[in-house]
Amino acid sequence: VRILAVTNIKGGVGKTTTAVNLAYLSAAGGCATLLWDLDSQGGATYALRGEAQEHASAKRLLAGKVELPELILASGYPGLDLLPADFSYRNFALHLARRRHPTERLLKMSRALRDIYGALFLDCPAGISLLSENVLRAADVVIVPLVPTPLSLRMLVQLCDFIADEGWSDLTLLPFFSMVDRRRSLHQELIATARAQFPMILETEVPYWSEIERMSVRRAPLPACAPRSDAARIYTALWAEIRKRIEPGRRGPALASRGEHDAVPRRRVRGAARGFDPHSR
Ligand SMILES: Nc1ncnc2c1ncn2[C@@H]1O[C@H](COP(=O)(O)OP(=O)(O)OP(=O)(O)O)[C@@H](O)[C@H]1O
Ligand SMILES: [Mg+2]
């Protein structure tokens with residue numbers, strides 16, 4: 001199973017919207033896909049009209065009292081399943097911290113899904129925690145929606161440095177610009193600067209459109225509820241570009257710009273985890 005995490009330290013940048021649309025498109029393309037909502041706000045669960053199950057709780061899950069496959073729901077869309085979040089997920093990091101090898105739990109848990117799915121999407125909460133470190137350790141692909149602000153670019157530098165420091169050269173980092181308003185000259189300037197510095201940023205830009213915002217009311221992926229809309233077209237283009245980048249034999253410029261391309265992959269090996277602290281640099 002290929003694990004694709006949609007993540008950003010920043011909140012409200014379009015992570016959930018992206019995860020729901022891309023997971024839908026992955027499934028529609030014929031790949032058995034699971035979307036795991038890791039955010040106690042339950043945005044992805046809500047968007048797919050899912051309900052958390054009574055016996056599910058982050059504590060029981062992390063203690064191994066329930067197994068991931070027991071909690072999976074059908075989304076109603078062919079090939080797409082959902083692992084819903086509930087309010088107990090707010091303590092996910094806390095429960096992780098109590099386990100042995102706390103930074104590897106998610107990777108270990110995802111092994112139960114290995115033979116069932118071709119793609120596992122993770123919709124991550126904003127912020128930095130033991131959970132985000134688990135996500136980075138487990139993921140094959142990290143999709144980062146970036147709003148064009150100086151702080152977003154700073155975060156991207158820090159994320160690149162963290163991945164390089166850990167030696168995770170097998171991780172494909174795919175940032176893209178989200179909520180873009182091309183009429184704003186500051187957005188244009190920041191995008192140009194960022195593209196010069198980070199060649200791995202995807203070409204596709206997701207504009208700030210009310211049509212996209214409306215997805216939260218419609219509670220359905222855009223390519224499902226408005227297949228001919230511009231919004232659906234944008235996410236289809238984004239997914240096509242991501243697929244092209246992650247095709248076997250095509251790693252893309254992942255960390256190339258930072259000269260970390262030939263580090264030995266050793267992500268699956270336990271190491272002294274330093275933690276990803278954006279304020280430490
Ligand atoms: N491209 C866009 N244009 C306009 N509105 C958008 C766009 N993408 C997302 N939104 C809206 O912005 C809000 C935040 O989006 P979303 O929930 O996807 O972000 P998030 O990063 O997952 O947030 P959180 O950090 O709270 O989980 C939602 O109301 C959503 O409908
Ligand atoms: Mg979200």
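The values are calculated or read from the model by the stated rules, or taken from the named source; none is laboratory data. Owing to the predicted nature of the structure, the values given are computational and were not obtained by experimental measurement. Here the Cβ positions follow ideal geometry from the backbone for every residue, glycine too, while neighbour counts run over all protein chains shown. In case anyone asks, the SASA skips ligands and DNA or RNA and just uses the protein heavy atoms, side chains included. Shrake-Rupley method; radii C 1.70, N 1.55, O 1.52, S 1.80 Å.
Tabulated data
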quantity: Counted residues, the stretch 103-114 - those being without any contact (Cβ under 8 Å) to a residue 60 or more places away in the chain, farther than 15 Å from Arg60 by Cβ and open to solvent by 40 Å² or more (accessible area, probe 1.4 Å); calculated: 2
quantity: Selection from the stretch 8-45 of residues that are within 9 Å of ligand 1 (Cβ to nearest atom) and polar (S, T, N, Q); calculated: Asn8, Thr16, Thr17, Thr18, Gln41
quantity: Matching residues, the stretch 132-148, being at pLDDT below 95 and either assigned to a loop (DSSP other than H, G, I, E, B) or within 16 Å of ligand 1 (Cβ to nearest atom) (or both); calculated: Ser132
quantity: Hits in the stretch 203-226 - residues which are of a type in the set (D, E, K, R) and surrounded by fewer than 14 Cβ atoms within 10 Å (Cβ to Cβ); calculated: Glu203, Glu213, Arg218, Arg219
quantity: Total residues in the stretch 133-155, condition open to solvent by less than 20 Å² (accessible area, probe 1.4 Å) and under 14 Å from the mean Cα position of the chain (by Cα); calculated: 13
quantity: Segments classed as helices (runs of 4 or more DSSP H), wholly inside the stretch 1-78, with at least 3 members that are without any contact (Cβ under 8 Å) to a residue 40 or more places away in the chain; calculated: 58-62
quantity: Selection count, the stretch 1-36, where residues are more than 12 Å from ligand 2 (Cβ to nearest atom) and out of contact with any strand residue (DSSP E or B) (no Cβ under 7 Å at 6 or more places or on another chain); calculated: 7
quantity: Flag for Arg49 being within 16 Å of ligand 1 (Cβ to nearest atom) and open to solvent by 10 Å² or more (accessible area, probe 1.4 Å); calculated: yes
quantity: Residues (in contact (Cβ under 8 Å) with a residue 40 or more places away in the chain and in contact with a helix residue (DSSP H, G or I) (Cβ under 6 Å, 6 or more places away or on another chain)) located in the stretch 175-197; calculated: Ala194
